[in-house]
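In what follows, a structure is listed as structure tokens, so that the remarks can point back to it.
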Amino acid sequence: MNYTDLNIMKKILFVCLGNICRSPGAEAVFNALIKKNGLEGELFCDSAGTAAYHVGEPADARMRLIGSKRGYDLTSRARKIDPNRDFDQFQYIIAMDRQNVRDLMGIARNKNERKQIFLMTDFCFNKTYDSVPDPYFGGDAGFELVFDILEDACEGLLRKMQNKV
Ligand code: 4NP
């Protein structure tokens, strides 16, 4: 990668509460799309949580299992969002639910940073959900639903990033 690539790269940070279920799932789904479309030099994504409960842990085992059945590799370790770095590093901070949006609005340092915050489900084009529901305290169906929504939203996000919509 050279400096030109770095300048044109669009960087996206997916954010949920714990960074062990939804946002690492979004990262894995979007990375698979980046790879499939040969966009490694143009798009980069990462994930973080608004809370520190699980910092350093791998993604939830249920997420990893259901993800692997769909061909996704969830390899990230949980970290908490760092407002002093992440709003500078990532142009797009994409929250999984409305509470995440509120928490992010609270830690953004100014109006421009607040404009970097988006809601994941706003990129959906087949499904009509107003959040990616937190699956942590529920059963497997909740994890499957998370992936269904993420696959739709990531496809929509990619199209937006490529200015195809
Ligand atoms: P996530 O799910 O925000 O999608 O990573 C959760 C993970 C952990 C907890 C809540 C939600 N928790 O309360 O520990």
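The values are calculated or read from the model by the stated rules, or taken from the named source; none is laboratory data. This is a predicted model, so every value here is computed, not measured. With ideal geometry, Cβ positions are generated from the backbone for all residues, glycine too; neighbour counts draw on all protein chains shown. SASA here: full protein model, heavy atoms, side chains in, ligands and nucleic acids out. Shrake-Rupley method; radii C 1.70, N 1.55, O 1.52, S 1.80 Å.
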**Item:** Share antiparallel - DSSP beta bridges, the chain, percent rounded to 5
**Value:** 5
**Prompt:** What distance in nm separates the simple spin-label points at Lys115 and Asn84, each placed 7 Å from Cα in the Cβ direction?
**Reply:** 2.6
**Asked** When the accessible area of the chain is split by element with a 1.4 Å probe, what percent falls to carbon and sulfur?
**Response** 48
**Request:** Step through the residues of segment 17-23 one at a time and calculate ³J(HN,Hα) from phi using the Karplus curve (6.51 cos²θ - 1.76 cosθ + 1.60, θ = phi - 60°), rounding each to whole Hz and writing x for Gly and Pro.
**Result:** 6, x, 6, 10, 10, 6, 6
**Item:** Contour minus Cα-Cα distance for Arg77 and Ala52 (0.36 nm per residue)
**Value:** 7.8 nm
**Request:** Any chance you could look up the accessible area of Leu158 with a 1.4 Å probe, heavy atoms only, rounded to 10 Å²?
**Result:** 10
**Message:** For the pair Glu40/Ser68, report the inter-label distance in nm, with labels modelled 7 Å from Cα in the Cβ direction.
**Reply:** 2.3
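Run the dipole for segment 24-165 about the Cα centre, Lys and Arg Cβ at +1, Asp and Glu Cβ at -1, nothing else charged, and hand back the magnitude in debye, nearest 20. Working shown, then result.
Details: 20 positive and 22 negative charges, 61 e Å.
Dipole size: approximately 300 debye.
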**Asked** When you count, for each residue, the other Cβ atoms within 10 Å and take the mean per peptide, how do 148-156, 132-140, 108-116 rank with the highest first?
**Response** 148-156, 132-140, 108-116
**Message:** Roughly how far apart, in whole Å, are the Cα centres of segment 8-53 and segment 126-165?
**Reply:** 13
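Past 19 Å, Cα to Cα: identify those pairs from Lys11/Lys115; Lys11/Lys69; Lys115/Lys160; Lys36/Lys69; Lys10/Lys80; Lys111/Lys160, in the order given. It would help to have the intermediate numbers written out before the result.
Values: Lys11/Lys115 15 Å; Lys11/Lys69 27 Å; Lys115/Lys160 16 Å; Lys36/Lys69 17 Å; Lys10/Lys80 21 Å; Lys111/Lys160 23 Å.
Where the Cα-Cα span goes over 19 Å, the pairs concerned are Lys11/Lys69; Lys10/Lys80; Lys111/Lys160.
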**Asked** Using alpha-carbon pairs under 8 Å, 6+ residues apart, how would you state the relative contact order of the chain in percent?
**Response** 24
**Message:** List the residues, sorted by chain then number, that are 5 or more residues from Ala95 or on another chain and whose placed amide H is less than 5 Å from its amide H.
**Reply:** Val15, Phe118, Leu119, Met120
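Quick check: residue separation of Asp130 and Lys11 times 0.36 nm, minus the Cα distance between them. What number comes out in nm? Write down the numbers at each step before the final one.
Working: separation 119, 0.36 × 119 = 42.84 nm, distance 2.33 nm.
Between Asp130 and Lys11, full extension yields an extra 40.5 nm.
Order 54-66, 9-21, 32-44 from most to least packed using the mean count of other Cβ atoms within 10 Å.
On the way: 54-66: 17.2, 9-21: 23.5, 32-44: 14.6.
The densest-packed peptide leads the list: 9-21, 54-66, 32-44.
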